[in-house]
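The values are calculated or read from the model by the stated rules, or taken from the named source; none is laboratory data. Remember, it's a predicted structure, so these values are computed and weren't measured experimentally. Note that we place each Cβ from the backbone using ideal geometry, even for glycine, and neighbour counts take in every protein chain shown. Areas reflect the complete protein model, heavy atoms only, side chains present, ligands, DNA and RNA absent. Shrake-Rupley method; radii C 1.70, N 1.55, O 1.52, S 1.80 Å.
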Amino acid sequence: MNNKVFQTLEFHKILNKLAEKASSEPGRKLCLELRPSTSLEEIELAGRETEDALNRILKKGNTDFGSNRELGPCLRSLEIGSTLSITELLHIARLLENAARIKSYGKTKASRPGTNALPIEEDLTRDSLDDYFDALEPLTPLANEIRRCIISEDEISDDASANLKHIRRSMMITNDRIHTELTNMVNSSRNYLQEAVITMRNNRYCIPVKAEYKTQISGMIHDQSATGSTLFIEPASVVNLNNQLKELSLQEQDEIEVILQDLSSRTAVHTEEIQENQKLMTRLDFIFAKGALALEQNATKPIFNTDHYINIRKGRHPLLDKHKVVPIDINLGKDFDLLVITGPNTGGKTVSLKTVGLFTLMGQSGLHIPALDRSELSIFTEVYADIGDEQSIELSLSTFSSHMTSIVNILQHADADSLCLFDELNAGTDPTEGAALAIAILNYLHDRGIRTMATTHYSELKVYALTTPFVENACCEFNVETLQPTYKLLIGIPGKSNAFAISKKLGLSDDIIQSARIQIDEDKKSFEDLLTDLEKSRLTIEKEQAEIDEYKREVETLKKQLEEKKQKLDASKDRILREANEEARQILQDAKDVADDTIRAFQKLGPNASIQDLEKNRQKVRNKINEKNSKLSVQAAKPTHPILKPDQLQLGDSVKVVTMGLKGTVSSKPDAKGNMFVQCGIIRSQVNIKDLVLLQDNVITGPSYKQSSAGKMKMSKSLSVSTEINLIGKTVDEALSLLDKYLDDAYLAHLPSVRIVHGKGSGILRNAVQKQLKKTKYVKSYRLGEYGEGDAGVTIAEFK
């Protein structure tokens, strides 16, 4: 694509934002070199990689590639047999250690701790990034060997080799002997010394001797003070020891060189693997930067097509504040291939153009776009944009000339696979000629099927869009009452510039405005009045449509409630019939048992039974029948307690549910039928006010307490539980403790869902919160907040 469009649409600012998300210098460099692709396969792969990186960031948090750096010069030195420095070897070790961490981060399988079981699948399944992670070769033995030998950039470990350890031990012994000798000399010759100290000059141990006593201390003079009053003399007794120390120091450097050469030789065997690790780390850093940018922008993966069809759903310009920018819906290429956008200045026309162009560049670069999912983009081989003022005094170009130069270049190179964007087409010249020329240019592009968007104030272009097939009007909405743009893009409606209304608001006198109205011919005035009427009609229709949608939602709700009631009634009906049949069967069985007992009793008495015995048995049968009848008869039980009135109950009052025999707390006021809710422990029951008895609150008293308002403690649980908890600023332990208690309270209060604010940050607190939610049995599901809910800074949890 042409480089000019990157500057015009500010694509370089997107790349700068992307580079900020990379954690290594090679990764940042790769981000800044990103360019759009025209291959559908490459675009789909890049978008899938971004999506997989975003999923990993959401599930496992982001990772760091900070130890990744360019190692080209080091590796070339190894290939020719050179010895690397301590710093270069440490860079390689850090890269390999970073590669090991990244490889561990990328694993999709893990074993249960403390068991020998086979690996189990985690939440992550294989994705497009697994091949990158699998290809990493951490070379852990080499990294460990370098770390064993090199402690820091200034120090080699004593254990790097046995010879080095022996040399340093000899140096330590020699040092001790020198210090012992010099200490004795300092103590015995204190009067000759300027100070009782041991110092170093030219890497040799010396003592500061007063100049007048230099003959008293035999040895070599290495230095003197600025005043000449002090001479730094190496006593003859330690000259040999200092010589030995110097020799040992040279041996130490030689041995260090041998160690570095050995480490370099071991590293040289793996130059290809190290170079491949560096490339993979750079690529992964670049991909995870794209994922992090998508997370920050609350962006989604666009769907690509090759039909030159664009459908952006609630798109937000990525360089504007996502909390303030107004989302817009734009489509182009299906019902029309040319869109003419009109409306007042500062109303959002140019932003709409740049949003479409920038989304195209971002999508074809494998980046996600800040819009709703299922937004569609098409592949264009070129994007041309004539936006902004390119007036040049040096080149003798006026505003019109500079724009026309750009337009001519676009017309020479644009084809059916191009996307053309024009801002204020042919502005800066005579309106009549400019409008005619603009229509001719748009007609030229339209006849060739080139997807085009143009903004304008020319009324002639509005008429052109109304009368030409496959050309559509659009406008940036303007609130006439507040005289403020709403920044909403309305497709299918031509807009007004509202110059008179804006001028009046800014203080222009009515006489001048009225005089200006007279200058407009009747045809244009009628056209503007028609646009005004259309706008009023649109607002009325939208208001009525909103009311209709609300009525539909209410009808759906009532329909759902009726269906639920019907299901409950059907279930109750079936249950009552089953119980009735069971009871009837039991009655018949009881009747049969009584009849059998009676027959056996009469048979036992025989034909000679007395009248008294027969009457006695008949009375027993009669008593059993009366007992059964008394159980079957249903009598309305009269309440034995006084009936409460609605104004006698307050929220939080302690009551007793008579029929259930339970005590509870009033949690709602009675409705017109007297039905209300009572909280009985963890159960919230609907009862009628007639079934309640008001209980007196317990009062805790003691012999030493006075009867005052402070002496009574009302025992009731708070009924107000917030739907949100803010954990920002807390440590993980503090946050989880607060969250655990809050979830219990919210669940008992029957809240359907809660909002947990944990902030974005590094993602540690967010991961801890989501792990806690995952382990909580009564949490049905959880998700990150959507646009307007707090994005990735909050988690929404729903209860079962």
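At a glance:
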item: The one condition in (1) out of contact with any helix residue (DSSP H, G or I) (no Cβ under 6 Å at 6 or more places or on another chain); (2) part of a strand (DSSP E or B) that Lys354 fails to fulfil; result: (2)
item: Pick from the stretch 133-167, criterion in a helix (DSSP H, G or I), of a type in the set (Val, Ile, Thr) and within 17 Å of Ile92 (Cβ to Cβ), ranking: nearest to the chain's Cα centre (by Cα); result: Thr140
item: Every pair of residues 6+ apart whose Cβ atoms lie under 8 Å, when the first sits in the stretch 463-478 and is basic (Lys, Arg) while the second is surrounded by fewer than 16 Cβ atoms within 10 Å (Cβ to Cβ); result: none
item: Number of the condition not met by Lys524 [criteria: (1) open to solvent by 70 Å² or more (accessible area, probe 1.4 Å); (2) at pLDDT below 75; (3) not in a helix (DSSP H, G or I)]; result: (3)
item: Leading residue by the ranking (farthest from Asp158 (Cα to Cα)) among those in the stretch 246-255 that are surrounded by fewer than 18 Cβ atoms within 10 Å (Cβ to Cβ) and touching a residue at least 12 places away in the same chain (Cβ under 8 Å); result: Lys246
item: Options Lys673, Lys663, Lys656, Lys669: the member that is surrounded by 11 or more Cβ atoms within 10 Å (Cβ to Cβ), of a type outside the set (Val, Ile, Thr), modelled with pLDDT of 75 or more and not in a strand (DSSP E or B); result: Lys669
item: Of all residues in the stretch 21-39 being in a helix (DSSP H, G or I) and surrounded by 14 or more Cβ atoms within 10 Å (Cβ to Cβ), the one that is nearest to the chain's Cα centre (by Cα); result: Lys21
item: Residue within the stretch 716-730 that is more than 30 Å from Gln696 (Cα to Cα) and assigned to a helix (DSSP H, G or I) present; result: no
item: Filtered residue count, the stretch 230-245, keeping only those that are open to solvent by 30 Å² or more (accessible area, probe 1.4 Å), touching a strand residue (DSSP E or B) at 6+ places or on another chain (Cβ under 7 Å) and of a type in the set (Ser, Thr, Tyr); result: 0
item: Criterion (open to solvent by 70 Å² or more (accessible area, probe 1.4 Å) and within 18 Å of the chain's Cα centre (by Cα)) met by exactly one of Lys59, Lys4; result: Lys59
item: Subset of the stretch 61-75 [acidic (Asp, Glu) and touching a Ser or Thr at 6+ places or on another chain (Cβ under 7 Å)]; result: Asp64
item: Considering residues of the stretch 175-219 that are among the hydroxyl-bearing types (Ser, Thr, Tyr) and either open to solvent by 60 Å² or more (accessible area, probe 1.4 Å) or assigned to a helix (DSSP H, G or I) (or both) only, the residue nearest to Leu248 (Cα to Cα); result: Thr180
item: Long-range neighbours under 7 Å by Cβ, at least six apart or interchain, first residue over 14 Å from Glu257 (Cβ atoms) within the stretch 66-88, second at pLDDT below 90 and surrounded by fewer than 20 Cβ atoms within 10 Å (Cβ to Cβ); result: Thr87/Glu153
item: Residues satisfying the stated conditions in the stretch 406-444, i.e. among the small types (Gly, Ala, Ser) and touching a residue at least 60 places away in the same chain (Cβ under 8 Å); result: Ala416
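Let's see how each residue does on (1) open to solvent by less than 20 Å² (accessible area, probe 1.4 Å); (2) touching a helix residue (DSSP H, G or I) at 6+ places or on another chain (Cβ under 8 Å); (3) over 18 Å from Asn298 (Cβ atoms); (4) free of Cβ contacts under 8 Å to residues at least 40 places away in the same chain:
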| residue | (1), (2), (3), (4) |
| --- | --- |
| Tyr742 | no, no, yes, yes |
| His750 | no, no, yes, no |
| Ser753 | no, no, yes, no |
| Gln770 | no, no, no, yes |
| Lys775 | no, no, yes, yes |
| Gly790 | no, no, no, yes |
